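The values are calculated or read from the model by the stated rules, or taken from the named source; none is laboratory data. Source: prediction; values computed, not measured. No Cβ is skipped: glycine too gets one built from the backbone with ideal geometry, and neighbour counts run over all protein chains shown.
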Amino acid sequence: MRLALFQPDIPQNLGAAIRLSACLGVPLDVIEPCGFPLSDAAIRRASLDYAGLADVHRHASWSEFAIFSKACGRTILFTTRADGVLHDFAFRPSDILLFGRESAGVPPDVHDAADTRLLIPLAPGARSLNVVTAATLGLGEALRQTNGFPTAARNE
């Protein structure tokens, strides 16, 4: 299982995604360009004390990531223009969960390239979730279905 962010706009969200992926033991793919300056030092700074646990991979472009992802598994895009609902989908351990830019989602070519598009149902009138909140819901359901949660001792 992998988590991927398409051209994130907000550095704090990238930091939260790094922490999420580190805590759940899931690699994070960052598809550039980002809406802010991104360097290896910036990633270390954003990951705080999770740098040693985080497995972050940078991809210079969508096309570079698309080549990489074909060797990994299915690309599952979370979007409001979806084929199905999160809880009705059967995840696999090799899936890549892709989330779009906070400001604009993903362009049509990325949308069309996804193997599946899923929706997280929201209350009537609600427009969208924060990208890392959505990633937490999607990743949580995918790991639950595939028994992929880390098996560590309770936090002390």
(Q) It is to be established whether one or more residues within region 105-126 are among the polar types (S, T, N, Q) and more than 18 Å from L139 (Cβ to Cβ). (A) no
Q. Restricting region 43-91 to residues that are surrounded by 13 or more Cβ atoms within 10 Å (Cβ to Cβ) and hydroxyl-bearing (S, T, Y), which is farthest from R144 (Cα to Cα)?
A. S47
Q.
Pairs please, first residue from region 1-12 and surrounded by fewer than 20 Cβ atoms within 10 Å (Cβ to Cβ), second anywhere and among the hydroxyl-bearing types (S, T, Y), Cβ atoms under 8 Å, 6+ apart in sequence or on different chains.
A. D9/S103
Q) Which residues, taken from region 46-77, are within 13 Å of D95 (Cα to Cα) and of a type in the set (A, V, I, L, M)? A) A71, I76, L77
Q. What single numbered condition from (1) of a type outside the set (G, A, S); (2) in a helix (DSSP H, G or I); (3) out of contact with any strand residue (DSSP E or B) (no Cβ under 7 Å at 6 or more places or on another chain); (4) modelled with pLDDT of 95 or more fails to hold for D49?
A. (4)
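Being in contact with a strand residue (DSSP E or B) (Cβ under 7 Å, 6 or more places away or on another chain) and either hydroxyl-bearing (S, T, Y) or free of Cβ contacts under 8 Å to residues at least 40 places away in the same chain (or both), is that true of even one residue in region 96-104?
The initial filter retains those residues of region 96-104 that are in contact with a strand residue (DSSP E or B) (Cβ under 7 Å, 6 or more places away or on another chain), namely 96-101.
Going one step further and asking which of them are either hydroxyl-bearing (S, T, Y) or free of Cβ contacts under 8 Å to residues at least 40 places away in the same chain (or both), we end up with none.
Among the residues of region 96-104, not one is in contact with a strand residue (DSSP E or B) (Cβ under 7 Å, 6 or more places away or on another chain) and either hydroxyl-bearing (S, T, Y) or free of Cβ contacts under 8 Å to residues at least 40 places away in the same chain (or both), which makes the answer no.
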Q. Here are some residues: F99, F68, F89. Which one is of a type in the set (F, W, Y) and touching a Phe, Trp or Tyr at 6+ places or on another chain (Cβ under 9 Å)?
A. F99
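What tally of residues in region 145-156 results from selecting those that are part of a helix (DSSP H, G or I) and within 18 Å of P27 (Cβ to Cβ)? Working first, answer last.
First, pick out the residues of region 145-156 that are part of a helix (DSSP H, G or I): 145-146.
Going one step further and asking which of them are within 18 Å of P27 (Cβ to Cβ), we end up with 146.
Number of matching residues: 1.
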